[in-house]
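Accompanying notes for the structure given below.
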Amino acid sequence: QARLARAAWRHDRARRTMAQEIRLHVNAADGACCLETRVDTSWSIADVKALICRTTGTPACQQRLVGANADKIKHHHPGLADEEPLAVALPPNSDTAVLELTYRSAEQVAWLRRVWAEPSSLGSAPEPIQADRDVILAAVRQSGAALQYASAELKADRALVSAAIRQCGGALAHASATLRADRDFVLSALELNVGALACAAPELLADRAYLMSAVERRAGALGALKEEWRADRAFVLDAVRRRGACLRCAAEVLRADRALVLEAVASFGGALEFAAEGLRGHGEVARAALQRDGLALEFASEELRGDRDTVLAAVRQCGAAFAHASEALRGDPEVVMAAMRPAEVEGGAAPLELASAELRDDPCFMGRAIQLHPGAVRFLSRRLRTDPEYVSAALAGCEFEEESSDDEGPQASAAAQADERPGTAATKESERTEDGEDEEEEDDEE
């Protein structure tokens with residue numbers, strides 16, 4: 001998966017470069033020209049190997065292409081993988097890609113196939129194979145632990161060790177002592193796999209400032225440290241102030257420390273998930289988390305998710321937090337309105353989808369909801385949605401009165417308000433009647 005991700009990144013990089021025709025030169029190890037042609041930058045190394053196979057008859061599995069101008073190419077290693085685009089071998093400001101072709105022996109091809117299926121078979125490989133970079137690279141891409149069978153020289157190869165760490169963080173334990181003590185390399189390895197930190201040199205694992213920089217870079221790095229660091233209150237307190245998610249890896253006793261948890265949720269509201277069960281129902285801790293991130297309501301205790309003030313604070317910070325409110329509060333008009341957002345906010349009416357059926361059948365409430373966000377009309381009950389007069393009045397901004405036993409229903413209220421709008425048929429009829437009565441009074445006076 002890591003290899004495919006790298007290949008996708010390189011293909012994206014090549015795609016960003018406008019496709020153009022370039023010259024391709026492929027030379028043998030002795031300098032003789034094997035192939036010279038013009039190709040498109042969209043070609044991959046596999047495409048080049050297929051062309052060489054058609055031209056020279058050498059099977060693609062026995063070919064190894066390297067960048068002849070490796071010093072001018074920004075590439076992790078001169079060797080080129082089949083899935084890489086040809087554009088990575090193109091030097092800056094040049095329209096010519098020069099590749100060097102070397103041939104793999106039958107033994108090397110056999111071991112490449114063998115370690116692909118069973119990386120641990122490297123343990124019984126002869127020394128020349130254990131010193132073959134291509135074979136070791138194929139093995140560690142399948143299992144990072146296969147690095148232990150590599151030669152001493154390859155264990156100090158940064159690119160190869162990085163490939164092993166990408167597959168398994170513990171592979172750093174098999175790297176050279178120099179790399180394990182390299183501060184910058186260990187931090188870069190941490191980005192690839194957080195578990196690599198546990199295999200760093202002892203002097204790095206005893207350096208408090210260095211460990212804090214690692215934790216600041218990746219919150220999960222705290223979990224790779226020994227229990228003594230994860231139970232060190234001063235160290236963990238400093239860590240959660242920088243990265244609240246570090247609370248997840250803290251010792252159990254510290255996750256029950258109210259002051260420390262308050263610092264964590266103030267930095268990252270979602271850290272409430274990692275607090276001790278008792279603190280997730282603590283009002284002060286929950287409010288601090290919700291002030292930072294309303295979605296932290298998901299991790300609050302069931303009691304707090306049913307507390308009206310707590311839920312109001314959460315939905316005002318983030319409307320999506322309404323999904324974690326208790327069933328009872330989903331029928332509370334004030335809570336639902338607080339969770340909604342104005343029309344200019346996409347999805348602002350979404351909380352209505354989770355509102356109670358009674359609330360979505362309330363013409364007065366739904367009228368106010370539609371005024372706030374016209375998209376709320378999608379969540380009307382069947383009774384209201386099938387009443388065209390009510391829908392038209394609601395979208396027109398009419399205000400609706402609460403239903404009572406004397407009323408004829410929401411239709412009558414909506415129709416009454418619709419009749420009062422200027423320009424309607426009822427209004428015009430009323431005006432004509434009033435004009436007629438005025439004329440009759442004038443005749444009587446005459």
Select from the range 184-233 those trypsin sites (Lys or Arg not before Pro) which occupy a DSSP coil region and have at most 13 other Cβ atoms within 10 Å, ordered by residue number.
-> Lys226
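Please calculate how many Å² of accessible area the range 222-361 carries per residue, with a 1.4 Å probe and no DNA, RNA or ligand atoms counted.
Heavy-atom SASA per residue in the range 222-361 reads 47 Å².
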Indicate the gyration tensor shape class of the range 118-208 (rounded, prolate or oblate), computed on the Cα atoms with a ≥ b ≥ c the square roots of the eigenvalues: a/c under 1.5 is rounded; otherwise a/b larger than b/c is prolate and the rest oblate.
-> prolate
The range 84-215 - accessible surface per residue (Å², probe 1.4 Å) = 41
What is the local net charge at Glu263, summed over the other residues whose Cβ is closer than 13 Å to its Cβ (Lys, Arg +1; Asp, Glu -1)?
-> +4
Calculate the spin-label point distance for Ala181 paired with Ala28, positioning each point 7 Å from the Cα along the beta-carbon direction, and give it in nanometres.
-> 4.7
What spacing in nm lies between the two simple spin-label points modelled at Arg113 and Asp40, each 7 Å away from Cα in the Cβ direction?
-> 3.3
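Rank by packing, highest mean first: peptides 238-251, 112-125, with packing defined as the count of other Cβ atoms within 10 Å averaged across residues.
238-251, 112-125
Quick one: with all protein chains in place, what share of the accessible area of the range 43-179 is carbon or sulfur, to the nearest percent (1.4 Å probe)? The partial results should precede the final answer.
Working: 3070 of 6040 Å².
Carbon and sulfur together cover 51 percent of it.
The values are calculated or read from the model by the stated rules, or taken from the named source; none is laboratory data. Fair warning: this is a prediction, and the values are worked out from it, not measured in the lab. Note: ideal-geometry Cβ built from the backbone for every residue, glycine included; neighbour counts use all protein chains shown. SASA here: full protein model, heavy atoms, side chains in, ligands and nucleic acids out. Shrake-Rupley method; radii C 1.70, N 1.55, O 1.52, S 1.80 Å.
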